[in-house]
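A quick write-up on the structure given underneath.
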Amino acid sequence: MMRGALIVLEGCDRVGKTTQCVKLIEKIAAENGKSSLLKFPERSSLTGQLINDYLSNKLELSDRVVHLLFSANRWETEAQMKLLLKSGTNLIVDRYAFSGVAYSAAKEGMDIEWCRGPDIGLPRPDLVVFLDLDPRTAASRVGYGEERYEHRRFQEVVRENFLKLKEDNWKV
Ligand code: NYM
(Lines give C-alpha, C1' and ligand atoms only; values in the text may rest on other atoms or scores of the structure.)
Protein backbone atom coordinates (compact mmCIF):
# COMPACT_ATOMS: atom_id res chain seq x y z
CA MET A 1 0.00 0.00 0.00
CA MET A 2 1.23 3.49 -0.81
CA ARG A 3 2.08 5.69 2.17
CA GLY A 4 -0.14 8.75 2.54
CA ALA A 5 1.28 12.23 2.03
CA LEU A 6 1.94 14.53 4.96
CA ILE A 7 0.88 18.02 3.93
CA VAL A 8 1.25 20.92 6.36
CA LEU A 9 -0.36 24.35 6.09
CA GLU A 10 1.46 27.08 7.95
CA GLY A 11 1.17 30.80 8.39
CA CYS A 12 0.48 33.62 10.81
CA ASP A 13 -2.88 34.05 12.55
CA ARG A 14 -6.01 34.62 10.45
CA VAL A 15 -4.39 33.94 7.09
CA GLY A 16 -6.96 31.27 6.16
CA LYS A 17 -5.16 28.00 6.95
CA THR A 18 -8.21 26.24 8.38
CA THR A 19 -10.37 27.22 5.39
CA GLN A 20 -7.76 25.93 2.93
CA CYS A 21 -7.26 22.70 4.91
CA VAL A 22 -10.98 21.96 4.67
CA LYS A 23 -10.97 22.71 0.93
CA LEU A 24 -8.03 20.36 0.44
CA ILE A 25 -9.80 17.56 2.33
CA GLU A 26 -12.90 18.08 0.15
CA LYS A 27 -10.81 18.07 -3.02
CA ILE A 28 -9.08 14.81 -2.06
CA ALA A 29 -12.46 13.24 -1.20
CA ALA A 30 -13.86 14.34 -4.58
CA GLU A 31 -11.01 12.43 -6.21
CA ASN A 32 -11.76 9.37 -4.05
CA GLY A 33 -8.64 9.82 -1.93
CA LYS A 34 -8.43 9.17 1.80
CA SER A 35 -7.45 12.04 4.03
CA SER A 36 -7.59 13.10 7.62
CA LEU A 37 -7.38 16.57 9.14
CA LEU A 38 -5.13 17.27 12.13
CA LYS A 39 -4.80 20.60 13.86
CA PHE A 40 -2.10 21.79 16.25
CA PRO A 41 -2.42 22.69 18.98
CA GLU A 42 -4.85 19.80 19.54
CA ARG A 43 -6.72 21.53 22.35
CA SER A 44 -8.64 18.54 23.73
CA SER A 45 -5.71 16.62 25.26
CA LEU A 46 -4.24 17.41 28.69
CA THR A 47 -1.40 19.46 27.19
CA GLY A 48 -3.92 21.01 24.80
CA GLN A 49 -6.09 22.23 27.66
CA LEU A 50 -3.12 23.93 29.30
CA ILE A 51 -2.16 25.47 25.97
CA ASN A 52 -5.72 26.67 25.43
CA ASP A 53 -5.77 28.34 28.85
CA TYR A 54 -2.42 29.96 28.09
CA LEU A 55 -3.57 31.26 24.70
CA SER A 56 -6.77 32.66 26.17
CA ASN A 57 -4.77 34.41 28.92
CA LYS A 58 -6.25 32.34 31.74
CA LEU A 59 -2.88 30.85 32.61
CA GLU A 60 0.65 32.20 32.75
CA LEU A 61 3.52 29.88 31.84
CA SER A 62 7.17 30.58 31.15
CA ASP A 63 8.12 30.86 27.47
CA ARG A 64 10.21 27.69 27.59
CA VAL A 65 7.55 25.67 29.38
CA VAL A 66 4.83 26.60 26.91
CA HIS A 67 7.19 25.90 24.02
CA LEU A 68 7.78 22.38 25.36
CA LEU A 69 4.04 21.89 25.88
CA PHE A 70 3.31 22.77 22.24
CA SER A 71 5.95 20.26 21.20
CA ALA A 72 4.63 17.56 23.57
CA ASN A 73 1.17 18.22 22.12
CA ARG A 74 2.53 17.17 18.71
CA TRP A 75 4.42 14.16 20.07
CA GLU A 76 1.16 12.90 21.61
CA THR A 77 -0.15 12.42 18.07
CA GLU A 78 3.03 10.93 16.55
CA ALA A 79 1.98 7.26 16.78
CA GLN A 80 -1.46 8.01 15.30
CA MET A 81 0.11 10.04 12.48
CA LYS A 82 2.50 7.23 11.59
CA LEU A 83 -0.31 4.67 11.57
CA LEU A 84 -2.53 6.81 9.34
CA LEU A 85 0.27 7.55 6.89
CA LYS A 86 1.19 3.86 6.75
CA SER A 87 -2.43 2.93 6.03
CA GLY A 88 -2.38 5.21 2.98
CA THR A 89 -4.27 8.15 4.49
CA ASN A 90 -3.12 11.60 3.45
CA LEU A 91 -2.69 13.87 6.45
CA ILE A 92 -3.59 17.51 6.13
CA VAL A 93 -2.10 19.32 9.10
CA ASP A 94 -3.19 22.77 10.22
CA ARG A 95 0.06 24.09 11.84
CA TYR A 96 3.02 21.94 12.85
CA ALA A 97 6.48 22.33 14.36
CA PHE A 98 7.24 25.38 12.18
CA SER A 99 4.58 27.32 14.10
CA GLY A 100 6.21 26.09 17.29
CA VAL A 101 9.54 27.63 16.31
CA ALA A 102 8.24 30.75 14.54
CA TYR A 103 6.06 31.88 17.48
CA SER A 104 8.36 30.97 20.37
CA ALA A 105 11.44 32.43 18.68
CA ALA A 106 9.57 35.73 18.23
CA LYS A 107 9.85 36.17 22.00
CA GLU A 108 12.69 37.97 23.74
CA GLY A 109 15.62 35.66 24.55
CA MET A 110 14.28 32.63 22.68
CA ASP A 111 16.75 31.22 20.22
CA ILE A 112 15.61 29.55 16.97
CA GLU A 113 18.03 26.64 17.37
CA TRP A 114 16.90 25.95 20.94
CA CYS A 115 13.28 26.10 19.77
CA ARG A 116 13.86 23.53 17.03
CA GLY A 117 15.23 20.90 19.43
CA PRO A 118 12.11 19.33 20.98
CA ASP A 119 10.41 18.60 17.63
CA ILE A 120 13.41 16.84 16.06
CA GLY A 121 12.32 13.35 15.03
CA LEU A 122 8.64 14.07 14.28
CA PRO A 123 7.45 12.82 10.86
CA ARG A 124 8.81 15.12 8.13
CA PRO A 125 6.21 16.75 5.87
CA ASP A 126 6.22 15.96 2.15
CA LEU A 127 4.96 19.47 1.50
CA VAL A 128 4.62 22.64 3.55
CA VAL A 129 2.28 25.27 2.15
CA PHE A 130 3.00 28.63 3.73
CA LEU A 131 0.09 31.02 3.34
CA ASP A 132 1.57 34.48 3.24
CA LEU A 133 -0.61 37.51 3.84
CA ASP A 134 0.13 41.12 4.68
CA PRO A 135 -0.11 41.28 8.51
CA ARG A 136 -2.29 44.39 8.15
CA THR A 137 -4.89 42.44 6.16
CA ALA A 138 -4.81 39.57 8.66
CA ALA A 139 -5.30 42.09 11.49
CA SER A 140 -8.50 43.36 9.87
CA ARG A 141 -10.11 39.90 9.87
CA VAL A 142 -12.90 38.84 12.23
CA GLY A 143 -11.73 37.63 15.64
CA TYR A 144 -8.19 38.99 15.38
CA GLY A 145 -6.81 40.04 18.76
CA GLU A 146 -8.86 37.59 20.83
CA GLU A 147 -5.89 35.38 21.74
CA ARG A 148 -2.36 35.87 22.94
CA TYR A 149 0.12 36.63 20.09
CA GLU A 150 -2.50 38.38 17.92
CA HIS A 151 -0.70 41.72 17.75
CA ARG A 152 0.62 43.27 14.53
CA ARG A 153 4.27 43.73 15.56
CA PHE A 154 4.53 40.22 17.03
CA GLN A 155 2.97 38.70 13.90
CA GLU A 156 5.48 40.52 11.72
CA VAL A 157 8.36 38.88 13.62
CA VAL A 158 6.58 35.50 13.43
CA ARG A 159 6.28 35.92 9.65
CA GLU A 160 10.00 36.72 9.35
CA ASN A 161 10.79 33.61 11.41
CA PHE A 162 8.63 31.41 9.19
CA LEU A 163 10.53 32.62 6.15
CA LYS A 164 13.83 31.76 7.88
CA LEU A 165 12.57 28.18 8.34
CA LYS A 166 11.69 27.72 4.65
CA GLU A 167 13.11 24.54 3.12
CA ASP A 168 13.00 22.89 -0.34
CA ASN A 169 9.68 21.19 0.38
CA TRP A 170 7.91 24.56 0.96
CA LYS A 171 5.58 26.43 -1.33
CA VAL A 172 4.85 30.00 -0.36
N1 NYM B 1 1.15 28.30 18.26
C2 NYM B 1 0.75 27.19 17.60
C3 NYM B 1 2.37 28.35 18.94
O4 NYM B 1 2.72 29.36 19.52
N5 NYM B 1 3.16 27.24 18.92
C6 NYM B 1 2.80 26.09 18.27
O7 NYM B 1 3.56 25.11 18.30
C8 NYM B 1 1.55 26.06 17.59
C9 NYM B 1 1.11 24.83 16.89
O10 NYM B 1 -0.97 29.03 18.92
N11 NYM B 1 -1.50 31.97 17.59
C12 NYM B 1 0.25 29.45 18.33
C13 NYM B 1 -0.16 30.04 17.02
C14 NYM B 1 -1.55 30.58 17.24
C15 NYM B 1 -2.07 29.78 18.41
O16 NYM B 1 -3.29 28.47 16.84
C17 NYM B 1 -3.21 28.83 18.13
P18 NYM B 1 -4.72 28.37 16.06
O19 NYM B 1 -4.32 27.86 14.70
O20 NYM B 1 -5.29 29.75 16.03
O21 NYM B 1 -5.57 27.41 16.86
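A few remarks follow.
- Helices (runs of 4 or more DSSP H) within segment 1-118 that include 2 or more residues under 13 Å from the mean Cα position of the chain (by Cα): 17-30, 63-75, 97-104
- Within segment 19-56, the residues that satisfy the criterion of being hydroxyl-bearing (Ser, Thr, Tyr) and surrounded by fewer than 14 Cβ atoms within 10 Å (Cβ to Cβ) are THR19, SER44, SER56.
- Residue-level analysis places ALA97 outside the set of residues that are in contact (Cβ under 8 Å) with a residue 40 or more places away in the chain, within 15 Å of the ligand (Cβ to nearest atom) and surrounded by 16 or more Cβ atoms within 10 Å (Cβ to Cβ).
- Subset of segment 2-32 that is in contact with a helix residue (DSSP H, G or I) (Cβ under 9 Å, 6 or more places away or on another chain) and β-branched (Val, Ile, Thr) - its residue that is nearest to VAL157 (Cα to Cα): VAL15
- A count restricted to segment 123-156 and to residues that are open to solvent by 20 Å² or more (accessible area, probe 1.4 Å), hydrophobic (A, V, I, L, M, F, W, C) and more than 10 Å from the ligand (Cβ to nearest atom) stands at 6.
- Cβ-Cβ distances below 7 Å connect the following pairs, each with a first residue in segment 130-146 that is assigned to a helix (DSSP H, G or I), a second residue that is open to solvent by less than 60 Å² (accessible area, probe 1.4 Å), and a separation of six or more residues or different chains: PRO135/CYS12; PRO135/GLN155; PRO135/GLU156; ALA138/CYS12; ALA138/ASP13; ALA138/VAL15; ALA138/TYR144; ALA138/GLN155.
The values are calculated or read from the model by the stated rules, or taken from the named source; none is laboratory data. What you see is a predicted model, and the numbers here were worked out from it, not measured in a lab. Glycine also receives a Cβ, built like all others from the backbone with ideal geometry; neighbour counts cover every protein chain displayed. In case anyone asks, the SASA skips ligands and DNA or RNA and just uses the protein heavy atoms, side chains included. Shrake-Rupley method; radii C 1.70, N 1.55, O 1.52, S 1.80 Å.
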